[in-house]
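Colleague: Structure below; questions to follow.
The values are calculated or read from the model by the stated rules, or taken from the named source; none is laboratory data. In this text, all values refer to a predicted model and were calculated from it rather than measured experimentally. Using ideal geometry, Cβ is built from the backbone for each residue, glycine included, and neighbour counts are taken over all protein chains shown. SASA here: full protein model, heavy atoms, side chains in, ligands and nucleic acids out. Shrake-Rupley method; radii C 1.70, N 1.55, O 1.52, S 1.80 Å.
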Number of protein chains: 2
Amino acid sequence: MGRRLVNGVDGGGIAADDRGLHYGDGLFETMAAVGGRVRNFALHMARLTESCRRLRFPPPDIELLETECRHAIGEQSSGVVKLVLTRGPGPRGYRPPAEPSVTRVITASAARPALAAPEALTVRLCDTRLGQNPALAGMKHLYRLEQVMACSEWSDPAVGEGLMLSTDGRLVSGTAANLFVVRDGRLETPVIRDCGVAGVMRQVVLHAAHDLGITSAERDMGLEALTTSTEVFLTNAVAGIRPVRVLVGHGEWPLGPVTLRLIERLAATGEA
Amino acid sequence: MGRRLVNGVDGGGIAADDRGLHYGDGLFETMAAVGGRVRNFALHMARLTESCRRLRFPPPDIELLETECRHAIGEQSSGVVKLVLTRGPGPRGYRPPAEPSVTRVITASAARPALAAPEALTVRLCDTRLGQNPALAGMKHLYRLEQVMACSEWSDPAVGEGLMLSTDGRLVSGTAANLFVVRDGRLETPVIRDCGVAGVMRQVVLHAAHDLGITSAERDMGLEALTTSTEVFLTNAVAGIRPVRVLVGHGEWPLGPVTLRLIERLAATGEA
């Protein structure tokens, strides 16, 4: 692990006129690699393909991306693979070139040290909010400045994530994770309508809940939803399900039965 | 003209782990160069410095930037200079490094061919809207995907710009220009509170209006503001003031006396 490929070339750089740099005109996927393969690869590629359609990128060459991901990961290795696709180099001006030459950057790295033990995950509520725009919601585009600002709000290493509200005060997600709560035995997650990312692990969890007969719903929720929740957890493609124990100043939750059933289910299916 | 400097080096590339590429974690300025010098340089640097403060970047080295801009432009040349500052390379993760090594990209290019003659500028209303977030409003950060999407809505070369609304339906700006209207002899421009860029030429025009004794106001305006306007124009640092003749499907305006006075004033002071 630790290899980076730029357009298939080991250790390449990015052209200084790349539209990904100049305009955030691109997408990314952060994926877990297990035993040399990307976990939930088809789901990541489905989201990427749909996002390419929305941004009028050419459809991604999935076979090529799979080959390059495996090459970057290396045989039997595990860790994290990040794929960035941009609309490539171009002249100054927002208008996309008619025939873009897409840039792809694939970076494999060893998994980061494990976060605090699941039962101890402490999160905080961020002041920085997520702007709302239905035209961009759901996609993992390159605009992550809100998340950058949110993450710069705290330095206490005991705080493992930050929760973010939309500008109109709805609870949306962590900075790099989707959010789930359990209320009256029912699994709920914020609807991704005008901000936030439609996470692959979020989708995996919703499917697993269905398979286990756990009722689930995507809905608007405010902070007050947390006060009536009996379980809270975060999800992302790399870390899977992480139970939230404490939201500083707002609440505490035990590791509960619904969360545990989901964790066990995803471990059994190999999806997390 | 036509030179690009990356961290002072002619023709350099960008590291594949640059945070500007990965997170839109950076700022830019697009400036006019006249006779080898950047026009309104101090105003551009004032905005950049204030934006660096808001994003917790180190303050920009203005002397160094001025030297590099002049070097990129070349003696006595005129055209456009684009400066990009990013938080530089870094490991995966949104949290900014404590001691970022800022990347600077300075690109000088010949001025683009003149747009349609001022009296003929035709604009359209874009479907893509601007998401709202007070924490980011006003800055020229690298997230321009909304503008990219807006510009991909039309291909008719007779349409020179697109106007954009905020997601809550207020008239904000062009894709790469601020907007002014004249109503009852008074100059009005949308207030930059939760989206849009606080343009340097917008500021120059507001100052010029004050000097000329033209009353001006920054206010919220909807599309209906246009129907009661007698003059409409767009501004940016490169093109100065461009009168809008037609907003397709919404209205037509003559080149009016307030616009003309402002154009003459900025020509006289050398600010546009």
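Colleague: Being among the aliphatic types (A, V, I, L, M) and surrounded by fewer than 21 Cβ atoms within 10 Å (Cβ to Cβ) is the filter here, so list the residues in the range A:153-166 that pass it.
Modeller: A:158, A:159, A:165, listed by residue number.
Colleague: Go through the range A:244-272 residue by residue and tally those that are assigned to a helix (DSSP H, G or I), farther than 26 Å from residue A:28 by Cα and touching a strand residue (DSSP E or B) at 6+ places or on another chain (Cβ under 7 Å).
Modeller: The total comes to 3.
Colleague: Quick check on my filter: what residues within the range B:229-243 are farther than 18 Å from residue B:184 by Cβ and over 13 Å from the mean Cα position of the chain (by Cα)?
Modeller: Residues satisfying the conditions are B:242, B:243.
Colleague: Can you tell me which of A:150, A:208 is of a type in the set (Gly, Ala, Ser), under 19 Å from residue A:47 (Cα atoms) and open to solvent by less than 20 Å² (accessible area, probe 1.4 Å)?
Modeller: A:208
Colleague: Now, a different point. For the range B:120-130, how many residues are in a loop (DSSP other than H, G, I, E, B) and open to solvent by 20 Å² or more (accessible area, probe 1.4 Å)?
Modeller: 2
Colleague: Take residue A:187 and decide whether it is crowded, with 22+ Cβ neighbours inside 10 Å, assigned to a strand (DSSP E or B) and touching a residue at least 12 places away in the same chain (Cβ under 8 Å).
Modeller: The answer is yes for residue A:187.
Colleague: Hey, could you check the range A:185-225 for residues that are basic (Lys, Arg) and more than 15 Å from the chain's Cα centre (by Cα) and say which is farthest from the other protein chains (Cβ to nearest Cβ)?
Modeller: A:186
Colleague: Out of all the residues in the range B:137-148, is one or more among the polar types (S, T, N, Q) and assigned to a loop (DSSP other than H, G, I, E, B)?
Modeller: Scanning the range B:137-148, I find no residue that is among the polar types (S, T, N, Q) and assigned to a loop (DSSP other than H, G, I, E, B), so the answer is no.
Colleague: Moving on to the next point. Do we have any residue at all in the range A:99-108 that's in a loop (DSSP other than H, G, I, E, B), touching a helix residue (DSSP H, G or I) at 6+ places or on another chain (Cβ under 7 Å) and either at pLDDT below 95 or surrounded by 14 or more Cβ atoms within 10 Å (Cβ to Cβ) (or both)?
Modeller: no
Colleague: From B:138, B:169, grab the single residue that is within 14 Å of another protein chain (Cβ to nearest Cβ), open to solvent by 20 Å² or more (accessible area, probe 1.4 Å) and either of a type in the set (Phe, Trp, Tyr) or at positive phi (or both).
Modeller: B:169
Colleague: Please verify whether residue A:174 is small (Gly, Ala, Ser), at pLDDT below 95 and within 21 Å of the chain's Cα centre (by Cα), treating the condition exactly as stated.
Modeller: Judged against the criteria, residue A:174 is not a match.
Colleague: Give just the number: which of (1) open to solvent by 10 Å² or more (accessible area, probe 1.4 Å); (2) part of a loop (DSSP other than H, G, I, E, B) does residue B:241 not satisfy?
Modeller: Checking residue B:241 against (1) open to solvent by 10 Å² or more (accessible area, probe 1.4 Å); (2) part of a loop (DSSP other than H, G, I, E, B), the one that fails is (2).
The rows are residues; the columns are (1) open to solvent by 10 Å² or more (accessible area, probe 1.4 Å); (2) among the aromatic types (Phe, Trp, Tyr); (3) closer than 20 Å to residue B:169 by Cα.
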site: B:204; (1), (2), (3): no, no, no
site: B:230; (1), (2), (3): yes, no, no
site: B:249; (1), (2), (3): yes, no, yes
site: B:259; (1), (2), (3): no, no, no
site: B:262; (1), (2), (3): no, no, no
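Colleague: Right, something else. Yes or no: residue A:111 within 27 Å of residue A:242 (Cβ to Cβ) and surrounded by fewer than 17 Cβ atoms within 10 Å (Cβ to Cβ)?
Modeller: Here the answer is yes, as residue A:111 does meet what is asked.
Colleague: Moving on. For the range A:173-184, does any single residue satisfy the condition of being free of Cβ contacts under 8 Å to residues at least 40 places away in the same chain, open to solvent by less than 20 Å² (accessible area, probe 1.4 Å) and within 11 Å of chain B (Cβ to nearest Cβ)?
Modeller: No, every residue in the range A:173-184 fails to be free of Cβ contacts under 8 Å to residues at least 40 places away in the same chain, open to solvent by less than 20 Å² (accessible area, probe 1.4 Å) and within 11 Å of chain B (Cβ to nearest Cβ).
Colleague: I'm trying to understand the selection: among the residues of the range A:201-238, which are in contact with a helix residue (DSSP H, G or I) (Cβ under 9 Å, 6 or more places away or on another chain) and either among the β-branched types (Val, Ile, Thr) or in a loop (DSSP other than H, G, I, E, B) (or both)?
Modeller: Matches in the range A:201-238: A:204, A:205, A:214, A:215, A:230, A:232, A:235, A:237, A:238.
Colleague: What pairs can you find where one residue is in the range A:62-74 and without any contact (Cβ under 8 Å) to a residue 24 or more places away in the chain, the other is part of a helix (DSSP H, G or I), and their Cβ atoms are less than 9 Å apart, with a gap of 6+ or different chains?
Modeller: A:62/A:41; A:62/A:42; A:62/A:45; A:62/A:48; A:62/A:49
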